[in-house]
Amino acid sequence: MKYEKSCGAVIFRKAEEWNVLLIRHAKGRHISFPKGHVEPGEMESQTAEREVREETGLTLRVDRRFRAENRYNIRPDTQKLVVIFAAVTDNAEITPQPEEIAEAFWLPVEEAAARLTYERDRKIMRDAYAHILKYHAE
């Protein structure tokens, strides 16, 4: 069995209400969160920050107190681990990286839940949102 590891973030921004950033991946066409492969010597949270910046142009504050894992097989001989952090940004303007992202958009949390492709991502987003409300409420 081969193993791959990616890290990313559920990114929240406070407008009138909390919004979450979703992306539609250029390759898989599914709707999820920005993420990417860990580079040698990187901590998981550093990977999440770098990948989000590369894919969206956003700077963010990763909250390492929230860390979720999603494991699945991408091929019969390859298992993938995706580590997702909660993060907050003040930036609203997204600059999608066209090679990776077909579309990026902010949505209120409940609308975002309806747009996510996978149920596991919905659970991670809702858990991250509960964390944000607890630790980042203004």
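Against the condition closer than 18 Å to His37 by Cα, at pLDDT 95 or above and among the hydrophobic types (A, V, I, L, M, F, W, C), how does Leu107 come out, does it pass? So Leu107 does not fit the description; no.
For Glu110, the test of being on the phi < 0 side of the Ramachandran plot, part of a helix (DSSP H, G or I) and surrounded by 14 or more Cβ atoms within 10 Å (Cβ to Cβ) is failed. When we screen Ala102, Ala87 for residues that are part of a strand (DSSP E or B), surrounded by 15 or more Cβ atoms within 10 Å (Cβ to Cβ) and touching a strand residue (DSSP E or B) at 6+ places or on another chain (Cβ under 6 Å), the only hit is Ala87.
Filtering the stretch 38-50 to residues that are surrounded by fewer than 24 Cβ atoms within 10 Å (Cβ to Cβ), in contact with a strand residue (DSSP E or B) (Cβ under 8 Å, 6 or more places away or on another chain) and part of a helix (DSSP H, G or I) leaves Glu44, Ser45, Thr47, Glu49, Arg50.
Residues of the stretch 2-26 that are of a type in the set (A, V, I, L, M, F, W, C) and assigned to a loop (DSSP other than H, G, I, E, B): Ala15, Ala26. Residues of the stretch 1-31 that are small (Gly, Ala, Ser) and more than 13 Å from Leu107 (Cβ to Cβ): Ser6, Gly8, Ala9, Ala26, Gly28. For the stretch 15-37, a tally of residues being surrounded by 14 or more Cβ atoms within 10 Å (Cβ to Cβ) and either closer than 18 Å to Tyr72 by Cα or at pLDDT 95 or above (or both) returns 14. From the list Arg71, Arg122, Arg29, the one residue that fits, being part of a loop (DSSP other than H, G, I, E, B) and out of contact with any Ser or Thr (no Cβ under 8 Å at 6 or more places or on another chain), is Arg29.
The values are calculated or read from the model by the stated rules, or taken from the named source; none is laboratory data. These numbers come from a predicted model, not from an experiment. For neighbour counting, all protein chains shown are included, and Cβ atoms are generated from backbone atoms with ideal geometry for every residue, glycine included.
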